[in-house]
Amino acid sequence: MKIFVTDYEGTEHELEAIEGWSAMQVIHEYGLPIKAECGGACACATCHVYVDPAWYGKLPPKRQEEEERLDEAFDLKETSRLSCQIILDEALDGLRLSLAPNPD
């Protein structure tokens, strides 16, 4: 399966994904500049991404913990999610995401 991730410069990357991994793990594995400071524990908001609107409704709803972390994120949009909370499965083959700005 594949996911498509647009980086900060607007370049789209086609990434081979593994079912059961989080989107954050795949993005990090390919060396794209995602901070993911907590390593996927949903304890920060540094893996913030924007989900393509066509895909947003296909994701499971946000849990309260993710909602709370997103309150700490910058430049929120309607389609903001934490990539550590997007667990990939065949239904998400072709998922499109964009890295959200992450101030230093």
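Can you name every residue in region 8-37 that is closer than 17 Å to V51 by Cβ and either among the polar types (S, T, N, Q) or in contact with a Gly (Cβ under 9 Å, 6 or more places away or on another chain) (or both)?
S22, M24, Q25
All but one of (1) closer than 15 Å to N102 by Cβ; (2) over 12 Å from the mean Cα position of the chain (by Cα); (3) at pLDDT below 95 hold for L76; which doesn't?
(3)
Just to confirm my filter: which helices (runs of 4 or more DSSP H) fall fully inside region 17-104 and include at least 3 residues that are under 22 Å from M1 (Cα atoms)?
So the answer is 23-29, 53-56.
Test each condition in (1) touching a residue at least 40 places away in the same chain (Cβ under 8 Å); (2) surrounded by 14 or more Cβ atoms within 10 Å (Cβ to Cβ) for G20 and report the one that comes out false.
(2)
Just one of A91, A54, A45, A41 is at pLDDT below 95 and in contact with a Lys or Arg (Cβ under 9 Å, 6 or more places away or on another chain); which is it? Break it down stepwise before answering.
Values: A91 fails: at pLDDT below 95; A54 fails: at pLDDT below 95; A41 fails: in contact with a Lys or Arg (Cβ under 9 Å, 6 or more places away or on another chain).
Answer to the check: A45.
For residues in region 47-104 being closer than 17 Å to E14 by Cα and aromatic (F, W, Y), which is surrounded by the fewest Cβ atoms within 10 Å (Cβ to Cβ)?
Filtering first and then ranking leaves W55.
Restricting the search to region 56-94, which residues are in contact with a Gly (Cβ under 8 Å, 6 or more places away or on another chain) and of a type in the set (A, V, I, L, M, F, W, C)?
C84, I87, L88
The values are calculated or read from the model by the stated rules, or taken from the named source; none is laboratory data. Note that the structure is predicted; figures quoted are calculated from it, not measured. With ideal geometry, Cβ positions are generated from the backbone for all residues, glycine too; neighbour counts draw on all protein chains shown.
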